[in-house]
Amino acid sequence: MLASESGVLPLIIATFQFASGSFFITLSWLLNLHPKPRLSLQQCSKLLPLALIHVMGNAFTNMSLDRVFVSFTHTIKAM
């Protein structure tokens, strides 16, 4: 099993995943392929903690996949 020594590679992968996802959803909004969400400031403040937890979960999953076997990562995520 190979693991990156510095642990930076999983964070680079997570950053690339979110950047590419953000690019494509922004592109779909600009081309009117999907309607833009209309959120108030109050709704954004309620969604922000959930968004941060989602980002952390994705980053931790990538870091876990760098350190342990995939089957173990999926078992822990399923709990």
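We did not get these values from a lab; they are worked out from the coordinates using the rules stated. Bear in mind the structure is a predicted one, so any value in this text is a computation, not a measurement. So basically every Cβ, Gly included, is an ideal-geometry build from the backbone, and we count neighbours across all protein chains shown.
Taking only the Cα atoms of the chain, the radius of gyration and Dmax are 16.2, 47 Å.
PRE reach from Trp29 (point 7 Å along Cα→Cβ): which of segment 43-57 fall under 17 Å by backbone N? Within reach of a label on Trp29: 43-49, 51-52.
Our estimate of slack between Leu39 and Met79, defined as 0.36 nm per intervening residue step minus the Cα-Cα distance, is 11.1 nm. Between the Cα long axis of helix 8-30 and the first principal axis of the chain there is an angle of about 20°, rounded to the nearest 10.
Using r as the Cβ-Cβ distance of Ala51 and Leu9, and R0 as 30 Å, what FRET efficiency do you calculate, to the nearest 0.05? Don't jump to the answer; show the numbers that get you there.
Values: r = 24 Å, r/R0 = 0.79.
Calculated transfer efficiency: 0.80.
When shorter helices are ignored and each DSSP H run of at least 4 residues is given -39500 (n - 2.57), the per-residue value for the chain at 222 nm works out to -25500 deg cm²/dmol. Computed over the chain with a Gaussian network model linking Cα atoms closer than 10 Å, the most mobile of Leu39, Leu11, Leu65 is Leu39.
List the chymotrypsin sites (Phe, Trp or Tyr not before Pro) in segment 27-79 that DSSP assigns to loop (not H, G, I, E or B) and whose Cβ has at most 13 other Cβ atoms within 10 Å. Which are they? It would help to have the intermediate numbers written out before the result.
Values: sites: Trp29, Phe60, Phe69, Phe72; in loops: Phe69.
Sites meeting the loop and neighbour criteria: Phe69.
Cβ crowding within 10 Å, taken as a proxy for footprinting-reagent exposure, orders Ser20, Ser28 from fewest neighbours to most as Ser20, Ser28.
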